Amino acid sequence: MRKKGFTLIELLVVIAIIAILAAILFPVFAKAREKARTASCASNLKQLGLAVLQYTQDWDERYPTGDVGGDWVVATKGLNWASAILPYTKSRDVYRCASDSSMLATSYLYNNRGMNRVTLAQVNEPTLRLMLVDGQTQNNDAANNPNNAMTNGGLNTDHNLWHIAWRVCAQDRDLPRHTEGANICFADGHVKWYRMPMTCPATPGWGAILEGILPYDKTIQPFDSTGWTDN
């Protein structure tokens, strides 16, 4: 007796079923993986936030500097926030988010407008004051290269939150990077995920954007053609 095998039609049906199942399951796996990366990123931000708070205890309760510019190098000016807290993190790995495909030294930005050199006493609502956020500096140059010894492996440069549209939700740089959202570390050290717009205006007022996305932060003022306003 001859053994009966699969017909071509039956084989094609099985392949089609496998393809359908794969199409259903792969996005689920991708979302689960991104959830894990989001949690890992939140852990990184938590450690960085705690490092900042440790820094304040050693420096008269003053938060680290958040100055900008590619020339902010160790040899000439001092330590920017990422370099300043490195002795407390004791690891460069916590500066990098697993979902960040860039080659920059850190995946996080500092609220240089609201945290630059202020003291703990000057932060009235630390649970609402944005301190660190998922993002990416615009400057992907030699100063930000992790192999640049002059800038402490790229940490001592402009990793600051100047413009949310360019640095937090710029789609051409795969931002926001966590399922249409970003992790945020506040001045008291707690971390929370917030949904971000997939398209930001090119030149918005800070208040107009942040008020609808993040807890309102009075330390971040609108930007106009003359510079930062203090109204």
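The values are calculated or read from the model by the stated rules, or taken from the named source; none is laboratory data. Everything numeric here is computed off the predicted structure, so don't read it as measured data. As a convention, Cβ positions derive from the backbone with ideal geometry for all residues, glycine included, and neighbour counts pool all protein chains shown. The protein model used for the area step is the full one, side chains on, heavy atoms only, and it has no ligands, DNA or RNA in it. Shrake-Rupley method; radii C 1.70, N 1.55, O 1.52, S 1.80 Å.
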Assess whether Ser43 counts as being within 20 Å of Ile184 (Cβ to Cβ), at pLDDT 90 or above and surrounded by fewer than 21 Cβ atoms within 10 Å (Cβ to Cβ).
yes
Return the residue satisfying two criteria in turn: it lies in the stretch 107-125 and is over 16 Å from the mean Cα position of the chain (by Cα) and not aliphatic (A, V, I, L, M), and of such residues it is surrounded by the most Cβ atoms within 10 Å (Cβ to Cβ).
Gly114
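Is it true that Gln171 is more than 27 Å from Asp60 (Cβ to Cβ) and either open to solvent by 10 Å² or more (accessible area, probe 1.4 Å) or more than 16 Å from the chain's Cα centre (by Cα) (or both)? Break it down into steps so the answer makes sense when it comes.
Numbers: more than 27 Å from Asp60 (Cβ to Cβ): yes; either open to solvent by 10 Å² or more (accessible area, probe 1.4 Å) or more than 16 Å from the chain's Cα centre (by Cα) (or both): yes.
Spelling it out, Gln171 is indeed more than 27 Å from Asp60 (Cβ to Cβ) and either open to solvent by 10 Å² or more (accessible area, probe 1.4 Å) or more than 16 Å from the chain's Cα centre (by Cα) (or both).
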May I ask you to list the residues in the stretch 126-162 that are open to solvent by 10 Å² or more (accessible area, probe 1.4 Å) and closer than 15 Å to Gly49 by Cα?
Pro126, Thr127, Leu128, Arg129
Residue match in the stretch 92-105 (condition: in contact with a strand residue (DSSP E or B) (Cβ under 6 Å, 6 or more places away or on another chain) and farther than 18 Å from Ser40 by Cα):
no
Can you name the number of the only condition in (1) closer than 21 Å to Arg96 by Cβ; (2) at pLDDT below 90; (3) open to solvent by 50 Å² or more (accessible area, probe 1.4 Å) that Ala30 fails?
(3)
